[in-house]
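Student: Handing you this structure, nothing more for now.
The values are calculated or read from the model by the stated rules, or taken from the named source; none is laboratory data. Model, not experiment: these values are computed from the prediction. No Cβ is skipped: glycine too gets one built from the backbone with ideal geometry, and neighbour counts run over all protein chains shown.
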Ligand SMILES: Nc1ncnc2c1ncn2[C@@H]1O[C@H](COP(=O)(O)OP(=O)(O)OP(=O)(O)O)[C@@H](O)[C@H]1O
Ligand SMILES: Nc1ncnc2c1ncn2[C@@H]1O[C@H](COP(=O)(O)OP(=O)(O)OP(=O)(O)O)[C@@H](O)[C@H]1O
Ligand SMILES: [Mg+2]
Ligand SMILES: [Mg+2]
């Protein structure tokens, strides 16, 4: 994760390397400190694993959305697309009884296909991303219900399916740190997305599109193709999210997912990615997603009344972003 | 409503007057035609009134959001702010037993105050509008639950309160067209917002800010003050929405409202207002809100299965915006 | 007395039904001198959010857990974790497919909805068109109530046709719009069953706004629904005993902590109430505002 | 140096309007100003000169309250002042025309001019008054422009005129013009100079920044030169030879090599355009460019040169017309097609169309050539990109702290060089340069001329669109002249300015004489 990757970060001006990156964690660290002091139960291994586990799905969705946001777009469909991919996995594994890898591949392909469609609607039909993905959000929500027959599809016939998210390969090797696979998958997705953003042509065009699409077009670049590519990659990542949540719940819950897009976008923005495009980092998004999970978990551990949890969460999200703004300004 | 008011409309280039405005209705008209042919129940006076009534709350929220979007911002808090304002009205009227006008004023003031806070966080603290209003959305949601004691507040002790939205002053004068007051209030709000956008300094700066905030600043305008002003006005309009929904349900439902922001923003974007700011019309937003209501109503009238309703709605939202894009391109 | 810490994870939080469960739990907490926390996700589809809540509750190391599963399977690993940690689990509202919970405080939603069907059939004279406005297409309570109602109609009343089943998310405003559409599309409709509080209030609103005279059967209680029943807009409603569910859950948890024996099921019952029997002490006790 | 010139200005008050001394301004990683000085007396036109990135704009932004200085004193009429916002600058009688246009594209021209000062009646905007006031200013500038036209629909030149009108509307005592003529044609420049002379007579002090040497001679009284953020000296404009000013700017003497025009008539044709048409903007345009040839495109503002270039490049659609590259007919509908056929286009509006402002210099230079740096796995060869970028930063003397500086933080001229570097790296055979030296300092300009010559010598076919006739005359083997969408003639290299102007004004008899009316219709 250390090698994050926005070209912006390479400038000596806004980012000054390791020290700066440490500072970016400050909001998260402050929260962790406060909760650790307030409750002895917070810093328990079990609880930390619970927080990480809770971050896995939102983190993966947020990374998917990060890619699209850097192009200057937005994706409101990630929540329901995740569910759609989970349902597709359910159909393949439970209804058709095919082997597990096919279910996983199917889910990721479903995500990719949906991303291709969103990307095509945005790039070719010039429909604003907000509307294109809002439409897709509704379409996918409906289709998930249709395909599943409006009821959950369970993976009881696919033994080991719930180990994808809940098992711990790490724990088998080092029993003291039973980090669930779901969390390792989140990290793997983050590494992959960082790599793509930082090291590949697709990543470079992602930033370039968000920075000045017209300039990219006039440079003779096939803007549409790359844009569709970004949406497709984003969709594939959402597919991974679909597998994760299906595995965690050992079922595809067709009605889940709406509202998750806002939380994913919130993680992205808290992580310092600009909604106007052209800049952003996967590491920031991970931190943003962690801030959200830590906050939710910590407030619950402290038994704060649920209505006040909401108030505190809202306040801290604003403050976290404000602190980040102050930090950047003083750099 | 005919005198809509974006400066954009004054140019002879992008808009060609009456004919163009007629065309802008085409998506709506097409939908109405299709549903009229498909079901004899659609074009009944009762049903048309039902559609208008269903548009009232979302329309008012969408108008409020339009103002903020034209400045280049976004407001995710309109849904829960509406509820918060309704709860405030409930507290004033039912808990404190004060007379009805005070309840209405209180709700509108609550909306204004919340808008002032959002605006200040955006303008002074430079927190991106997405985050500032996401935070406010959560804060207001929590506060509504806290203030109401997580239960609805009924207006049974305020006779006539539900006439604000449900009564029909028009119907008393012309019995054949019993247009509910709620709808008339929507129109009044639309006229007011159009007037402010087109004829006042606040409106001018709304467009100017969305067009090039830096240029406005360099022109020596107190950008922060005007921006806060726009958010405050938007909040006040949401306050009207709060009164409307409270009157319609004869109660303040503290848990309602989340999710309404997306529907409001969708109406704005379907209505042709650009999410990047600088242009937009209240008339467009009204049409956008009507498209959403007609679609929902028509599909229900046709007894389309609910999961398919969602699919069709998503598809038509994309197509409506695409048709609008084609129309503009061919102008 | 021991100051036990009991965490209740419910299916919802903001709805009056769940608030009534919470009120019962709080009452029991006061009576028994224990501490109770109550939490639930925003909608009944957010299974994973409920898991996060359960996980956080476990981290808190409470003395006992009360759990209303949105999906029993999904919760199994966490419930196992609770059992391993020696934390007793009491299921409430609907059963958990697992032998971990020591007991379940619940009512039979299917049977309750079937009773609503019987009442509906009686009030519309055994024939005609009816519709259902429900809260949730995929949640257990949503499925059970819709199926309980419609299966009973199909089995016992061949002359009654269910023309429409629509879902409004328990949102009053949305349910109002849905009801109006149903009424306008089916002018000869005889009755609507509203499958939870928010749904039936929407149905009542829609009926009033269109000045219709259909028969409305509701579910749950709450001040507004009671008022509508008194004024005749709603003919009557099924109520469970949410306050009782909350109370009994906490009571069972305390019993478990004290090592007492628990029955497998604590049936909290359901009732049909209307303007005539609302003030009977037995009924009034299970209604809430 | 410059102290002696004070005497000539004795006719006006001797207290300077503006006195800036010891001004420092640092940006992260950049020392933009260091002990900079500047003085302005009433009724003078004071030119501020320096290479790209010398700090001219920054100094004026300090004066007009956009930037806070890090050190130094600013005095107005002898009194030390703190100007910390544009509003305070306005109140102190200072107005500025920014180098980078700062207009609100979705508002009309009139609304832009009076932003923040709208006439109102009973609290309601008086749009009629607003438009009348704007029309009056346009009239005083001899500018034909509808006050109600959206700025978005104006050419850069017209937008520039709107900026000028806005600055004039403040009736300030100090008027700063940061490269106001970069986008203007000769007639408009003449009009601007008439306005400047009028203001001068009224005792207004004018700061004039430009890279066009002839203008400095024509309009200014004194010249202050800056280099690397520092004050170099102030000299009287009239008696100081241009060469002296240039050597003060660049710190050395420039040798002005004459252009060698090799004979290209026998070279094969690289690009041929036949019967290009689109509406009234492009009407039956046909021409060809040979390998090794520089074809200049001259014409008045709005003649349609940019439109022709964009249509060839596939950036805009064409109604009819054929394009032949190296004797092959090619179908070009997108810029990608054009680039694939070896055509590069440097647009006239770098901010909108040239630069990805959020990306760094390296990536902007590599933007059109990323494929070349992409391995089979899609991974970028970052080292190769860096080497290439550094190579061009050196070749074009792009002033930037490093190749990873964000492009938007470069001075205007250096941004332009970055865009040129992009096309040079792409190594196209056919290059279309639309106003390649707009906003570029003299030193860099002669480097770019040299570059263009070299490229031609390497056998590339080059089209140069320029509104500066001397530039066209200096560079071109042949000169194509456009008027109102038609190609009115192609002249040989050595033609006179008069011959060009004759063709550039050869309107069609039936045409309405008024360009504005045409656009509005
Ligand atoms: N906001 C900024 N952040 C960082 N560096 C800046 C900023 N603005 C200007 N600079 C740098 O300060 C230096 C001076 O820039 P300035 O714009 O004043 O030059 P200039 O003399 O106006 O050049 P030109 O003739 O090209 O317009 C340049 O090196 C530029 O890159
Ligand atoms: N955005 C626009 N909207 C309407 N008309 C335009 C627009 N841009 C240019 N025009 C018109 O198109 C015609 C051709 O303009 P173009 O920019 O091609 O001229 P040009 O010869 O390149 O001049 P220059 O580049 O010096 O401005 C002119 O009549 C101009 O006024
Ligand atoms: Mg400059
Ligand atoms: Mg041009």
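Student: Quick test of your reading of the structure: residue D:359 fulfils all but one of (1) crowded, with 23+ Cβ neighbours inside 10 Å; (2) modelled with pLDDT of 90 or more; (3) within 16 Å of ligand 1 (Cβ to nearest atom). Name the failing condition by number.
Tutor: In the conditions (1) crowded, with 23+ Cβ neighbours inside 10 Å; (2) modelled with pLDDT of 90 or more; (3) within 16 Å of ligand 1 (Cβ to nearest atom), residue D:359 misses (2) alone.
Student: List the residue pairs whose Cβ atoms are under 7 Å apart, where the first residue sits in the stretch C:34-46 and is at the interface with chain A (Cβ under 7 Å from one of its Cβ atoms), the second is modelled with pLDDT of 90 or more and in a strand (DSSP E or B), and the two are 6 or more positions apart or on different chains.
Tutor: Close Cβ pairs (under 7 Å, with a partner that is modelled with pLDDT of 90 or more and in a strand (DSSP E or B)) amount to C:37/C:7; C:37/C:8; C:39/C:9.
Student: Could you identify the single residue in D:314, D:302, D:321, D:344 that is farther than 13 Å from residue D:432 by Cβ and modelled with pLDDT of 85 or more? Give the steps one after another, and end with the answer.
Tutor: Values: D:314 fails: farther than 13 Å from residue D:432 by Cβ; D:302 fails: modelled with pLDDT of 85 or more; D:344 fails: farther than 13 Å from residue D:432 by Cβ.
Answer to the check: D:321.
Student: When residue D:87 is evaluated against the numbered criteria (1) under 30 Å from residue D:251 (Cα atoms); (2) more than 9 Å from ligand 1 (Cβ to nearest atom), which criterion, by number, is the only one it fails?
Tutor: (1)
Student: Which of (1) buried (at least 16 other Cβ atoms within 10 Å of the Cβ); (2) modelled with pLDDT under 95; (3) in a helix (DSSP H, G or I) does residue B:41 not meet, given it meets every other one?
Tutor: Going through (1) buried (at least 16 other Cβ atoms within 10 Å of the Cβ); (2) modelled with pLDDT under 95; (3) in a helix (DSSP H, G or I) one by one, residue B:41 breaks only (3).
Student: Which residue, of D:47, D:32, is at pLDDT 95 or above, within 16 Å of ligand 3 (Cβ to nearest atom) and either touching a helix residue (DSSP H, G or I) at 6+ places or on another chain (Cβ under 9 Å) or not assigned by TED's automatic domain parsing to the domain that holds residue D:117 (or both)? I'd like the intermediate steps shown before the answer.
Tutor: Values: D:32 fails: at pLDDT 95 or above.
The match here is D:47.
Student: Please work out if residue B:64 is within 23 Å of the chain's Cα centre (by Cα) and either modelled with pLDDT of 95 or more or surrounded by fewer than 21 Cβ atoms within 10 Å (Cβ to Cβ) (or both). Quick ask: steps written out before the conclusion?
Tutor: Working: within 23 Å of the chain's Cα centre (by Cα): yes; either modelled with pLDDT of 95 or more or surrounded by fewer than 21 Cβ atoms within 10 Å (Cβ to Cβ) (or both): yes.
Here the answer is yes, as residue B:64 does meet what is asked.
Student: Within the stretch D:144-158, take every residue that is crowded, with 21+ Cβ neighbours inside 10 Å and away from chain B (no Cβ under 11 Å) and give me the one that is nearest to ligand 4 (Cβ to nearest atom).
Tutor: Top of the filtered list is D:158.
Student: Which one of the conditions (1) modelled with pLDDT under 95; (2) under 30 Å from residue B:228 (Cα atoms) does residue B:21 fail to meet, given that it meets all the rest?
Tutor: (2)
Student: Here are the criteria: (1) touching a strand residue (DSSP E or B) at 6+ places or on another chain (Cβ under 8 Å); (2) within 16 Å of ligand 3 (Cβ to nearest atom). Tell me which single one residue D:464 does not satisfy.
Tutor: Here residue D:464 clears every test but (2).
Student: Could you give every pair whose Cβ atoms fall below 7 Å, whose first residue belongs to the stretch D:32-50 and is within 14 Å of chain A (Cβ to nearest Cβ), and whose second residue is away from ligand 2 (no atom under 16 Å from the Cβ), counting only separations of at least 6 or pairs across chains?
Tutor: Once the first residue is within 14 Å of chain A (Cβ to nearest Cβ) and sits in the stretch D:32-50, its partners that are away from ligand 2 (no atom under 16 Å from the Cβ) give D:32/D:25; D:32/D:26; D:32/D:55; D:32/D:58; D:32/D:229.
Student: Exactly one of these conditions fails for residue D:298: (1) within 16 Å of ligand 2 (Cβ to nearest atom); (2) surrounded by fewer than 24 Cβ atoms within 10 Å (Cβ to Cβ); (3) more than 14 Å from chain A (Cβ to nearest Cβ). Give me its number.
Tutor: (2)
Student: While we're looking at this one, here's another question. Condition check: more than 18 Å from residue B:104 (Cα to Cα) and modelled with pLDDT of 90 or more. Does residue B:176 satisfy that? Steps first, please.
Tutor: Details: more than 18 Å from residue B:104 (Cα to Cα): yes; modelled with pLDDT of 90 or more: no.
The answer is no for residue B:176.
Student: Please determine whether any residue of the stretch D:183-194 is buried (at least 20 other Cβ atoms within 10 Å of the Cβ), at negative phi, assigned to a loop (DSSP other than H, G, I, E, B) and in contact with a helix residue (DSSP H, G or I) (Cβ under 8 Å, 6 or more places away or on another chain). So that I can check it myself, show each step before the final result.
Tutor: Of all residues in the stretch D:183-194, those buried (at least 20 other Cβ atoms within 10 Å of the Cβ) come to D:183-184, D:188, D:192.
Retained after the next criterion (residues that are at negative phi): D:183-184, D:188, D:192.
Going one step further and asking which of them are assigned to a loop (DSSP other than H, G, I, E, B), we end up with D:183-184.
Then drop every residue that is not in contact with a helix residue (DSSP H, G or I) (Cβ under 8 Å, 6 or more places away or on another chain), which leaves D:183-184.
For the stretch D:183-194, residues buried (at least 20 other Cβ atoms within 10 Å of the Cβ), at negative phi, assigned to a loop (DSSP other than H, G, I, E, B) and in contact with a helix residue (DSSP H, G or I) (Cβ under 8 Å, 6 or more places away or on another chain): present.
Student: Shifting gears a bit: Hey, can you tell me all the residues within the stretch D:419-438 that are away from every other protein chain (no Cβ under 11 Å) and within 15 Å of ligand 1 (Cβ to nearest atom)?
Tutor: Result: D:420, D:435, D:436, D:437, D:438.
Student: Scanning the stretch D:169-191 for residues that are without any contact (Cβ under 8 Å) to a residue 40 or more places away in the chain and more than 16 Å from ligand 1 (Cβ to nearest atom), which turns out nearest to the other protein chains (Cβ to nearest Cβ)? Break it down into steps so the answer makes sense when it comes.
Tutor: We begin by selecting, within the stretch D:169-191, every residue without any contact (Cβ under 8 Å) to a residue 40 or more places away in the chain; these are D:171, D:181, D:189-190.
Add one more test, that the residue is more than 16 Å from ligand 1 (Cβ to nearest atom), and what stays is D:171, D:189-190.
Details: D:171: 14, D:189: 24, D:190: 28 Å.
So the residue we want is D:171.
Student: I would also like to ask the following. Select from the stretch D:398-418 the residues that are more than 11 Å from ligand 1 (Cβ to nearest atom) and either farther than 27 Å from residue D:337 by Cβ or away from every other protein chain (no Cβ under 14 Å) (or both) and list them in ascending order. Lay out the reasoning, then the answer.
Tutor: Let us first name the residues in the stretch D:398-418 that are more than 11 Å from ligand 1 (Cβ to nearest atom), namely D:402-404, D:418.
Residues satisfying the conditions are D:402, D:403, D:404.
Student: Still on this structure: Applying the selection to the stretch B:262-274, what residues are within 13 Å of the chain's Cα centre (by Cα) and either within 14 Å of chain C (Cβ to nearest Cβ) or surrounded by fewer than 24 Cβ atoms within 10 Å (Cβ to Cβ) (or both)?
Tutor: Once the filter is applied, which keeps residues that are within 13 Å of the chain's Cα centre (by Cα) and either within 14 Å of chain C (Cβ to nearest Cβ) or surrounded by fewer than 24 Cβ atoms within 10 Å (Cβ to Cβ) (or both), the stretch B:262-274 yields B:262, B:263, B:264.
Student: Identify, by number, the condition in (1) free of Cβ contacts under 8 Å to residues at least 60 places away in the same chain; (2) in a helix (DSSP H, G or I); (3) away from every other protein chain (no Cβ under 14 Å); (4) surrounded by 15 or more Cβ atoms within 10 Å (Cβ to Cβ) that residue C:225 doesn't meet.
Tutor: Residue C:225 satisfies every listed condition except (3).
Student: Within the stretch B:275-321, which residues are within 13 Å of the chain's Cα centre (by Cα) and assigned to a loop (DSSP other than H, G, I, E, B)?
Tutor: B:281
Student: Okay, next question. What helices (runs of 4 or more DSSP H) completely inside the stretch B:159-261 contain at least 2 residues that are under 30 Å from residue D:65 (Cα atoms), touching a residue at least 60 places away in the same chain (Cβ under 8 Å) and more than 11 Å from every other protein chain (Cβ to nearest Cβ)? Working first, answer last.
Tutor: On the way: elements: B:163-166, B:169-173, B:181-199, B:201-218, B:223-249.
Qualifying helices (runs of 4 or more DSSP H): B:223-249.
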